[in-house]
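K.L.:
Below: one structure in structure tokens.
The values are calculated or read from the model by the stated rules, or taken from the named source; none is laboratory data. For clarity, every value in this text was computed on a predicted model and none was experimentally measured. We place every Cβ from the backbone using ideal geometry, glycine too, and count neighbours over all the protein chains shown. Areas reflect the complete protein model, heavy atoms only, side chains present, ligands, DNA and RNA absent. Shrake-Rupley method; radii C 1.70, N 1.55, O 1.52, S 1.80 Å.
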Amino acid sequence: MKLDPSFIWEAFVKLLPVIPTTLLITVVSVACGFVIGTAVAFVRIYKVPVLHPIASAYVTFIRGTPMLTHLLIIYFGLPMIIDAVSAQLGLGFRSASIPMIDFAFLAFSITAGGYMSEVVRSGLLTVNRGQIEAAYSVGMTTPQAIRRIVFPQAMAASIPNLANSFIGMLHASTLAFTVSVVEIFAKAQIVASTNWKFFEAYLAAAVIFWGLTVLIERVAVILEKRMNLYNRGGVA
Amino acid sequence: MIKLTGITKSFGRNQVLQGIDLQVEKGEVVVILGPSGSGKTTLLRCINYLERPNAGRIAIGDFEVDCERAGKKDIHALRGKSAMVFQHYNLFKHKTVLENVMEGLVIVQRMPKETARRRSVEVLEKVGLGEKLDAYPSQLSGGQQQRVGIARALALGPEVILFDEPTSALDPELVGEVLAVIRRIAKEGITMIVVTHEMGFARDVANHVVFMDGGAIVEEGAPKDIFNKPQEERTKQFLKRIMPEPAYSI
């Protein structure tokens, strides 16, 4: 086997146009995952009746099963449910008209939610009890205290872990190729299938992923610096 | 002005407050003394509802709460009557000195930002921190942080300020600046309840001293009576240990 350096470049250029797809899957799943994760974290911390055991079960199930299974369960299971409901109600809607990428959005959001709930929860736990007591003492309600005092501090403390989740989801988004979404990894396979130079195509894909990851790391560092400005004295 | 009736509080099986009755007049400075574990901090926290009493009644001004039946609204309303200064300051870490003081005014009292800002600056100048408005708590000394804590409480204009061992976490040389500020605002006639181990402060500033032990009030009265001729044996023992006779004389 001989490496064909010029094809690495060629593949690299051909992969560039699908970067937005990969980023879109990542951003959507992280954003939705963050919302789900935050809700789950609060439900677990405040031990909300009924929801609390459900939230715990959700987190252990999601973390206890591979992300690929979440995607495939949604991909095969959801259309069955949708078509059955649609037929029952006499709607003309067919699951086949749902774009493939929507299954990836949904499944990955559910996955990200499970992992990110723990990120948010650990962030919330770093905030000293005295902070919420002080908020109460100036007359705030619990929602005000959480929104204005606890949550911002929890987020500042969570940035490194959130960046980790983001990078994890960026790389995991490659799984979308199994449901025929053409993101970077799928595109690399397509590019290579004409001449069987898979190695070169995957190298090009790796370079792109690395580049995107470095970018995320940089942004995280900047955010961390800015949001933790208040810790610079390092006394309290 | 403030009236506590039959306040009880247990943590699990440990009954920390055994039915406290206490009355505080407007403008009074009440100092609560007692050995650690006597329930004085818990009592103070009950007044602000940071601890929920098991039973009893709390009245501040014309607002009264029955602790067994208090709902969210009652608790919220009661908290609005008092403000707390904490042992560990508990300043909002992510907010500047000015924002710390403005927060309650803007968010809770719905004061326009400009008015809140003026009021906050005024109060911060009073505690000697007019130069530190834009500093974060982590950039301040303990004494400065505690003075911000006092300013935060004072700015709210509460009926009573509760001080929970305000100087216990401070380096000895910083205690003076904080006590000086508390003394100054005591002179303005603001009602205060102070839990402290600073006996000199208690003697000078208090109008009313309460000695607690084992979750009950053992003795209370004017400072000169409590310090000079305590009636109860338990009070005598405590004062002796806190303010021992000099071991030698010159």
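K.L.:
Among the residues of segment B:87-105, is any in a helix (DSSP H, G or I) and either open to solvent by 30 Å² or more (accessible area, probe 1.4 Å) or farther than 30 Å from A:Arg226 by Cβ (or both)? Working first, answer last.
P.N.:
First, the residues of segment B:87-105 that are in a helix (DSSP H, G or I): B:97-105.
After this cut, where a residue has to be either open to solvent by 30 Å² or more (accessible area, probe 1.4 Å) or farther than 30 Å from A:Arg226 by Cβ (or both) as well, the list is B:99.
Yes.
Conditions tested, residue by residue: (1) in contact (Cβ under 8 Å) with a residue 40 or more places away in the chain; (2) among the small types (Gly, Ala, Ser); (3) open to solvent by 20 Å² or more (accessible area, probe 1.4 Å).
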{"position": "A:Ala112", "(1), (2), (3)": "yes, yes, no"}
{"position": "A:Met116", "(1), (2), (3)": "yes, no, no"}
{"position": "A:Asn128", "(1), (2), (3)": "no, no, yes"}
{"position": "A:Ala135", "(1), (2), (3)": "no, yes, no"}
{"position": "A:Val138", "(1), (2), (3)": "no, no, no"}
{"position": "A:Phe151", "(1), (2), (3)": "no, no, yes"}
{"position": "A:Ala156", "(1), (2), (3)": "yes, yes, no"}
{"position": "A:Leu170", "(1), (2), (3)": "yes, no, no"}
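K.L.:
How about segment B:16-59: which of its residues are within 21 Å of B:Ile182 (Cβ to Cβ), in a loop (DSSP other than H, G, I, E, B), of a type outside the set (A, V, I, L, M) and open to solvent by less than 30 Å² (accessible area, probe 1.4 Å)?
P.N.:
Correct list: B:Gly27, B:Gly34, B:Asn48.
K.L.:
Among the candidates A:Val30, A:Val59, A:Val13, single out the residue that is surrounded by fewer than 13 Cβ atoms within 10 Å (Cβ to Cβ) and β-branched (Val, Ile, Thr).
P.N.:
Working: A:Val30 fails: surrounded by fewer than 13 Cβ atoms within 10 Å (Cβ to Cβ); A:Val59 fails: surrounded by fewer than 13 Cβ atoms within 10 Å (Cβ to Cβ).
After ruling out the rest, the residue left standing is A:Val13.
K.L.:
Condition first: closer than 15 Å to B:Ser38 by Cα and open to solvent by 50 Å² or more (accessible area, probe 1.4 Å). Now tell me which residues in segment B:210-241 satisfy that.
P.N.:
If the condition is that a residue be closer than 15 Å to B:Ser38 by Cα and open to solvent by 50 Å² or more (accessible area, probe 1.4 Å), then B:Glu220, B:Arg234, B:Gln237 are the ones that fit.
K.L.:
Which pairs turn up if I take residues in segment B:129-145 that are at the interface with chain A (Cβ under 8 Å from one of its Cβ atoms) and among the β-branched types (Val, Ile, Thr) and look for partners that are assigned to a loop (DSSP other than H, G, I, E, B) and surrounded by fewer than 19 Cβ atoms within 10 Å (Cβ to Cβ) with beta carbon separation below 7 Å, at least 6 apart in sequence or on another chain?
P.N.:
none
K.L.:
Contact list please: Cβ distance under 7 Å, first residue in segment B:38-67 and within 14 Å of another protein chain (Cβ to nearest Cβ), second residue part of a helix (DSSP H, G or I) and open to solvent by 10 Å² or more (accessible area, probe 1.4 Å), pairs at least six apart or on different chains.
P.N.:
B:Asn48/B:Arg79; B:Tyr49/B:Ile75; B:Tyr49/B:Arg79; B:Leu50/A:Glu133; B:Leu50/A:Tyr136; B:Glu51/B:Thr42; B:Glu51/B:Arg45; B:Phe63/B:Ala77
K.L.:
Taking B:Glu114 and the conditions (1) surrounded by fewer than 23 Cβ atoms within 10 Å (Cβ to Cβ); (2) facing chain A (nearest Cβ under 7 Å), which numbered condition does it fall short on, given that it satisfies the others?
P.N.:
Result: B:Glu114 passes all but (2).
K.L.:
Residue under question is A:Gly123, and the condition is that it be in contact with a helix residue (DSSP H, G or I) (Cβ under 8 Å, 6 or more places away or on another chain), open to solvent by less than 10 Å² (accessible area, probe 1.4 Å) and not in a helix (DSSP H, G or I); does it hold?
P.N.:
Working: in contact with a helix residue (DSSP H, G or I) (Cβ under 8 Å, 6 or more places away or on another chain): yes; open to solvent by less than 10 Å² (accessible area, probe 1.4 Å): yes; not in a helix (DSSP H, G or I): no.
In short, no.
K.L.:
Here's a follow-up. Got a sec? Which of A:Phe166, A:Phe198, A:Phe177 is surrounded by 14 or more Cβ atoms within 10 Å (Cβ to Cβ), aromatic (Phe, Trp, Tyr), more than 14 Å from chain B (Cβ to nearest Cβ) and farther than 16 Å from A:Ile25 by Cα?
P.N.:
A:Phe198
K.L.:
Taking the conditions exactly as written (more than 8 Å from chain A (Cβ to nearest Cβ) and either within 30 Å of B:Ser10 (Cβ to Cβ) or touching a Ser or Thr at 6+ places or on another chain (Cβ under 7 Å) (or both)), does B:Val106 satisfy them or not?
P.N.:
No: the conditions fail for B:Val106.
K.L.:
Quick one: which residue in B:Val97, B:Val108 is touching a residue at least 12 places away in the same chain (Cβ under 8 Å), under 17 Å from A:Arg148 (Cβ atoms) and in contact with an Asp or Glu (Cβ under 9 Å, 6 or more places away or on another chain)?
P.N.:
Details: B:Val108 fails: in contact with an Asp or Glu (Cβ under 9 Å, 6 or more places away or on another chain).
Matching residue, one of B:Val97, B:Val108: B:Val97.
K.L.:
Just one of the numbered conditions (1) in contact (Cβ under 8 Å) with a residue 60 or more places away in the chain; (2) more than 14 Å from every other protein chain (Cβ to nearest Cβ); (3) in a helix (DSSP H, G or I) is not true of A:Val182; which one?
P.N.:
If we test A:Val182 against (1) in contact (Cβ under 8 Å) with a residue 60 or more places away in the chain; (2) more than 14 Å from every other protein chain (Cβ to nearest Cβ); (3) in a helix (DSSP H, G or I), just (3) comes out false.
K.L.:
Can you work out which of the residues in segment B:180-193 that are assigned to a helix (DSSP H, G or I) and in contact (Cβ under 8 Å) with a residue 24 or more places away in the chain is most open to solvent (accessible area, probe 1.4 Å)?
P.N.:
B:Arg184
K.L.:
Sticking with this structure for a sec: Out of (1) more than 10 Å from every other protein chain (Cβ to nearest Cβ); (2) open to solvent by less than 50 Å² (accessible area, probe 1.4 Å); (3) touching a residue at least 12 places away in the same chain (Cβ under 8 Å), the odd one out for B:Arg79 is which?
P.N.:
So the condition that B:Arg79 fails would be (1).
K.L.:
Let me ask something additional. Which of the residues spanning segment B:60-76 are open to solvent by less than 30 Å² (accessible area, probe 1.4 Å) and within 19 Å of the chain's Cα centre (by Cα)?
P.N.:
Residues satisfying the conditions are B:Ile60, B:Ile75.
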